Amino acid sequence: MMILTKAVLVMMISLILSISTGIFLIPFLKKLKAGQRLSIYLEEKHKNKQGTPTMGGLIFILPTVLVMIIMYLFGKIKFNTTILIVMLTFLFYSIIGFIDDYLIIKRHNNKGLSEGMKFIMQVVVAIIFFYLFMVSGNEPLLWIHTLGIKLDIGFLYGIVILAVLVASSNAVNITDGLDGLAGSLSLVAFLTFGIISYNTGWLEGYEEVSLFCFCLVGSLIGFLLFNLNPARIFMGDTGSLALGAAMGSIAILTRHELLLIIIGIVFVIETLTCIIQRVYYKMTHKRLFLMTPIHHSFEKKGYNEREIVKIFCLIGILASMIAIIFGVVL
């Protein structure tokens, strides 16, 4: 079966399953009163969103995992260490996010897992990632294709893995502040990574990684049916941490860590504005931006939420086109 046919097949099945999951999950979460608690700084603009169910990441996580298992059972994909790393990273980070969301709901405030506990759990995932990465015959290379840099950094590559996973997962988490924003940008990113991954023929399991990306694209389309403004459910940390970590793991395995910055340029900008705001405030006791992440500054300036999402997604699409040129053509 040609890769294009497989890609369409997994997107179609995951789309149907994600819509079905959303139809049943949203009423269930409402019944459990698993509503999102908003920051006091957002109550003015987003007060109508108070109580909207969270943990919506399950809508695209469960179908994606299920479809990949089905494809394996029917002999359409092969089991290998590469796809195992991606799937485990995706699942482990979704569990971290799920625990965080659960504690927030249970405590009726915005205090979930402590930063220290989150970091410890992420370190454990990075160690497992690094172990599987090494035993599968990969080399711990800091490999920058564009600049012709190829350095063997040994065990320090484990720190690189941790840094990429933590940065990418937190970047998506930070961006998840407007209806449909993180989901739409992630859809574009995984579509891009699906194309790029299929062109890394030297990587064992490259086709499976590519199909995972396309499968997630289908699931995200289904999720956005419920998450676009006005959102009926939020992805929560359950979804945002899983998406970011999956992006990071694929970038590492395909040796395209730098392309991750281009593909996720909006995620990067959102994160940088938060860092700059915090540093600037500590130095001057003044705010450089009206509010961070930067999408809230646009809201403060009077931009409609849908307009902001459209503009940010357009930037993400253009950046992904550039990444495809570098990752596939050049």
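Just so it is clear, none of the values below were taken in a lab; they were calculated from the coordinates. Just so we're clear, the structure is a prediction, and the values are computed from it rather than from any experiment. All Cβ positions, even for glycine, are placed from backbone atoms using ideal geometry, and neighbour counts span all protein chains on display.
Listing for the model above:
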item	result
143, 202 arranged by Cβ crowding within 10 Å, fewest neighbours leading	202, 143
Furthest towards positive pole of dipole, 175, 317, 196, structure part the chain, Cβ charges	175
Whole-number Å³ per residue for the convex hull built on Cα positions in region 156-209	81
Among 20, 288, 153 the positive-end extreme of the charge dipole of the chain (Cβ point charges)	288
Distribution of pairwise C-alpha distances over region 111-184, 10 Å bins, in %	16, 37, 30, 16, 1
Paramagnetic label zone (point 7 Å from Cα along Cα-to-C-beta, residue 33; backbone N under 20 Å) in region 104-118	104-112
Listed pairs 49/106; 78/150; 49/300; 30/111 exceeding 23 Å between Cα atoms	78/150
Mean Cα-pair separation over length for region 3-256, i.e. relative contact order, pairs under 8 Å, 6 or more apart, %	35
Contour excess over end-to-end distance, with Cα ends at residue 88 and residue 325 and 0.36 nm allotted per residue	82.4 nm
Neighbour-count ranking [beta-carbon atoms within 10 angstrom, fewest first] of 320, 18	320, 18
Calculated P(r) tail over 19 Å for region 173-330, as whole % of Cα pairs	55
Interchain or long-range residues, amide H under 5 Å from residue 56's placed H	234, 235, 236
Full-extension gain in nm, residue 280 to residue 143, via 0.36 nm per residue minus C-alpha separation	46.0 nm
Theoretical gain in end-to-end length, residue 117 to residue 103 [0.36 nm per residue, Cα-Cα removed]	3.8 nm
Table column - 3J(HN,Hα) (Hz), region 68-82, Karplus curve with 6.51, -1.76, 1.60, x for Gly and Pro	5, 5, 4, 4, 5, 4, 8, x, 8, 9, 9, 8, 8, 5, 4
Reciprocal mean inverse distance between Cα atoms of region 185-268 - Kirkwood radius, Å	13.2
Highest-fluctuation residue, 268, 86, 135 considered, GNM on the chain with Cα pairs under 10 Å	135
Per-peptide average of other Cβ atoms within 10 Å, ordering 108-121, 87-100, 203-216, 231-244 highest first	231-244, 203-216, 87-100, 108-121
Computed [θ] at 222 nm, helices only, for the chain once each DSSP H run of length n ≥ 4 contributes -39500 (n - 2.57)	-23000 deg cm²/dmol
